[in-house]
Amino acid sequence: MLRLLASKRLLLSQGTQILPRFYHEKVIDHFNNPRNVGSFDKNDPAVGTGLVGAPACGDVMKLQIKVDDTTGEILDACFKTFGCGSAIASSSVATEWVKGKQMEEVLTIKNT
């Protein structure tokens, strides 16, 4: 921590300006009030589970969806994420996006 403060002082003394990073208010809202946190019964045949991790930063996300077998509609979604605020917020947003949509439509969602 002291090294970080010392390096900031050095940069400031050299006339370099350090600008804070800001997240969009929706990202902050999903981090502070995440939606659909939890998990479904993994033995339920209507539940699909995905697990993804980013070794570079240590984030791990488990996303589960509950699908209507006859219509292909995603009835519900939930997540558990261990990682930074933006990983938690994006997981929360993803669950909101997929609920009520058809599987084919959800497959078109990209990370960009």
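The values are calculated or read from the model by the stated rules, or taken from the named source; none is laboratory data. All figures in this text were calculated on a predicted structure; none of them were measured in a lab. Here the Cβ positions follow ideal geometry from the backbone for every residue, glycine too, while neighbour counts run over all protein chains shown. Heavy atoms of the whole protein, side chains included, go into the accessibility calculation; ligands, DNA and RNA do not. Shrake-Rupley method; radii C 1.70, N 1.55, O 1.52, S 1.80 Å.
Here are some notes:
- Distance between the modelled labels on Lys42 and Glu96, one decimal in nanometres: 2.9 nm (7 Å Cα→Cβ projection).
- Loop-located trypsin sites (Lys or Arg not before Pro) in segment 73-112 (DSSP state other than H, G, I, E, B) with a sparse environment of at most 13 neighbouring Cβ atoms within 10 Å: Lys110.
- Local electrostatic count at Ser92 - Lys and Arg +1, Asp and Glu -1, tallied over other residues with Cβ under 12 Å: +2
- The shape of segment 14-112 comes out prolate: with a ≥ b ≥ c from the C-alpha gyration tensor, a/c is at least 1.5 and a/b beats b/c.
- 26 Å Cα-Cα reach of Lys80 towards lysines, excluding residues that sit fewer than 8 places from it in its own chain: Lys26, Lys42, Lys62, Lys66, Lys99, Lys101, Lys110
- Taking N as its residue count, the alpha carbon Rg of segment 46-102 over 2.2 N^0.38 Å: 1.20
- Gain upon complete extension [Asn111, Ile28; 0.36 nm per residue less C-alpha separation]: 28.0 nm
- Mean accessible surface per residue for segment 43-112, computed with a 1.4 Å probe while every protein chain stays in place, in Å²: 61
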